[in-house]
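Each remark here refers to the structure printed beneath this line.
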Amino acid sequence: MEHLFSNVTEILLLFFLVITFVQSGLDKIVDWGGNLSWLKGHFAESPLKNIVPWLLGIILVIEVIAGMLCAIGIYQFVSLGESALAFYGAILACAALLMLLFGQRMAKDYDGARTIAIYFIPAIFLVFLLQS
């Protein structure tokens, strides 16, 4: 229990990333067709329009792995006081968010890009906390 309280900020940020990326990944799995259809329309006028299915698959895999690493990281923090997998999960989460930001900018969805930036702030802060 001592590890829980001495790392509470990191653990709360990890929960944030787990919720964000596991939910997003599950949504993409459960409603692949709906997501793909919406994204094809979203990127219809962008240079990414012909590779949307590939990009959706790549981001799905990265989101699920990031969420799982963060979940395992919570366990490691609480039980062992270790942070290696949490650190890798946070880095992968930041990479996923940067990919999503790139896509939103390519689609000229600046409101969507702003939303991604809001998610990026706690994710990069977590990387900062875990790198020491």
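For the range 110-119, the Karplus equation 6.51 cos²θ - 1.76 cosθ + 1.60, evaluated at θ = phi - 60°, returns couplings of 6, 5, x, 4, 5, 4, 4, 4, 5, 5 Hz by residue, with Gly and Pro reported as x.
With only Cα atoms counted, the range 1-78 has Rg and Dmax values of 16.3, 53 Å.
When peptides 90-97, 75-82, 122-129 are sorted by average Cβ neighbour count within 10 Å, with the highest value leading, the order is 90-97, 122-129, 75-82. Annotation: amide H of GLU82 within the under-5 Å range of PHE77, sequence separation 5 or more or interchain, hydrogens built in the peptide plane.
Rounded to the nearest 10 degrees, the inclination of helix 8-30 to the longest alpha-carbon principal axis of the chain is 30 degrees.
With R₀ fixed at 41 Å, the C-beta to C-beta distance from ILE51 to HIS3 puts the FRET efficiency at about 0.45. Its DSSP H runs of at least 4 residues, each contributing -39,500 (n - 2.57), put the calculated 222 nm mean residue ellipticity of the chain at -29000 deg cm²/dmol, to the nearest 500. When the alpha carbon coordinates of the chain are projected onto the principal axes, the ranges are 52, 26, 17 Å, largest first. Can you tell me the orientation of helix 52-80 relative to the chain, as the angle in degrees between its alpha-carbon axis and the longest Cα principal axis, to the nearest 10? On a 0 to 90 degree scale, this one is about 10. Of the residues MET106, SER83, THR9, the one whose Cα sits farthest towards the positive end of the charge dipole of the chain is MET106 (charges of +1 on Lys and Arg Cβ, -1 on Asp and Glu Cβ, taken about the Cα centre). Counting Lys and Arg as +1 and Asp and Glu as -1, what is the net charge of the other residues whose Cβ lies under 15 Å from the Cβ of GLY57? Here the count lands on -1. For the chain, the longest principal axis of the C-alpha atoms and the axis of helix 84-106 are separated by about 20°. Its relative contact order, with pairs defined as Cα atoms under 8 Å and 6+ residues apart, puts the range 16-130 at 26 percent. Here the range 40-95 is described by how far its Cα atoms reach on the three principal axes: 49, 13, 13 Å, from widest to narrowest.
So what is the orientation-averaged projected area of the range 2-42, using the convex hull of its C-alpha atoms, in nm²? Before the final figure, lay out the partial values.
Details: hull surface 14.2 nm².
Here the figure is 3.6 nm², rounded to one decimal.
For the modelled label position 7 Å from the Cα of SER37 along Cα-to-Cβ, which residues of the range 52-75 have backbone nitrogen atoms closer than 16 Å? Counting only backbone N, you get 53.
A short reminder: the numbers here are calculations on the coordinates, not readings from a lab. Predicted model only: the values in this text are computed from it and were never measured. Ideal geometry is used to build each Cβ from the backbone, glycine not excepted, and the neighbour counts take in all protein chains shown.
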